[in-house]
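Comments concern the structure below.
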Amino acid sequence: QIILWVFVYIAFSVKIPTIPLHIWLPEAHVEAPTAGSVILAGLLLKLGSYGFIRVLLTVFSKATVFYLPITDTFAIISIVYASFTTIRQIDMKRIIAYSSIAHMNLVVLGLFSGNIQGIAGSIFLMIAHGVVSSALFFLIGVLYDNYGTRVIYYYGGLAQVLPIFATFLIIFSFANIGLPGTCNFIGEVVIFLG
């Protein structure tokens, strides 16, 4: 059961994605059209977490307890690495893609926390991440259709040209970073309490 657990964990870790199995996600988001990025962020990334809940936490529960320190270590490394990589990006889609890696590994950290608060926070963060990331990809798609670029340097003064659009962009950006009062903040706090 312990050997089989490793293969199932790797299969679902590709879908999350966890470091070092994360390379496909930023490329998929950059190459995909706006609708593809919205579906990928809003729905498809959650399938790995759902697999963890339905398979690893239920069917392989004893092996999951055995591997808790390793899974938590991989999740923490993935969160830190993806967060530092996000800071270096200039393409708006890559920024959201790498922040999605960090958020989904925060979900993994909550799922493998070993208590109900962590699991509840992970489920809440999955829902919040699906809404916020999809909205951000939609907004970036609108900008790309109008301006023909996703490079962040060219969006200076956007609030003067599109004030309502910029308001929505900043609200969802604040939600993405987990500002208190937003849905991501609630999920993250519950995960950390767990």
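The values are calculated or read from the model by the stated rules, or taken from the named source; none is laboratory data. The shown structure was predicted, so the numbers you read here are calculated from the model rather than taken from an experiment. FYI the Cβ positions are ideal-geometry reconstructions off the backbone, even for glycines, and counts take in every protein chain you see. In case anyone asks, the SASA skips ligands and DNA or RNA and just uses the protein heavy atoms, side chains included. Shrake-Rupley method; radii C 1.70, N 1.55, O 1.52, S 1.80 Å.
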Inside segment 110-129, can you point out the residues that are in a helix (DSSP H, G or I) and open to solvent by 10 Å² or more (accessible area, probe 1.4 Å)?
-> Ile116, Gln117, Ile119, Ala120, Ile123, Phe124, Met126, Ile127
Within segment 1-26, how many residues turn out to be over 13 Å from the mean Cα position of the chain (by Cα) and not aliphatic (A, V, I, L, M)?
-> 7
Please indicate, with yes or no, whether at least one residue in segment 86-93 is closer than 26 Å to Phe174 by Cβ, among the basic types (Lys, Arg) and touching a residue at least 60 places away in the same chain (Cβ under 8 Å).
-> yes
Residue by residue through segment 41-52, note down the ones that are open to solvent by less than 40 Å² (accessible area, probe 1.4 Å) and in a helix (DSSP H, G or I).
-> Ala41, Gly42, Lys46, Gly48, Ser49, Gly51, Phe52
Does segment 62-85 contain any residue that is out of contact with any strand residue (DSSP E or B) (no Cβ under 9 Å at 6 or more places or on another chain), in contact (Cβ under 8 Å) with a residue 12 or more places away in the chain, charged (D, E, K, R) and more than 17 Å from Asn115 (Cβ to Cβ)?
-> no
Can you confirm whether segment 126-133 contains a residue that is β-branched (Val, Ile, Thr) and under 25 Å from Ile90 (Cβ atoms)?
-> yes
Among the candidates Phe172, Phe168, residue that is modelled with pLDDT of 95 or more, within 20 Å of the chain's Cα centre (by Cα) and either crowded, with 18+ Cβ neighbours inside 10 Å or closer than 25 Å to Gly114 by Cα (or both) = Phe172
When restricted to Val80, Val55, the only residue more than 22 Å from Gly178 (Cα to Cα) and either of a type in the set (A, V, I, L, M) or buried (at least 20 other Cβ atoms within 10 Å of the Cβ) (or both) is Val55
Taking segment 131-141 as the search range and keeping residues that are open to solvent by less than 50 Å² (accessible area, probe 1.4 Å) and out of contact with any Phe, Trp or Tyr (no Cβ under 7 Å at 6 or more places or on another chain), which one is farthest from Ala175 (Cα to Cα)?
-> Gly141
Just one listed residue, out of Asn176, Asn146, is polar (S, T, N, Q), out of contact with any Cys (no Cβ under 6 Å at 6 or more places or on another chain) and without any contact (Cβ under 8 Å) to a residue 40 or more places away in the chain, and it is Asn146
Checking Val38, Val107, Val59 in turn, the sole residue that is assigned to a helix (DSSP H, G or I) and farther than 14 Å from Thr18 by Cβ turns out to be Val38
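Please go through segment 16-29 and give me each residue that is closer than 12 Å to Ser100 by Cα and outside any loop (DSSP other than H, G, I, E, B), ordered by number.
Leu25, Pro26, His29
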Output for Cβ contacts, cut-off 9 Å, separation at least six or different chains, first residue more than 16 Å from Phe74 (Cβ to Cβ) in segment 106-119, second open to solvent by 10 Å² or more (accessible area, probe 1.4 Å) and of a type in the set (S, T, N, Q), reads Ile119/Ser113
Give me the pairs: first residue in segment 1-18 and farther than 14 Å from Val108 by Cα, second residue among the small types (Gly, Ala, Ser), beta-carbon distance under 6 Å, and six or more apart or on different chains, which are they?
-> Gln1/Ala63; Ile2/Ala63; Trp5/Ala63
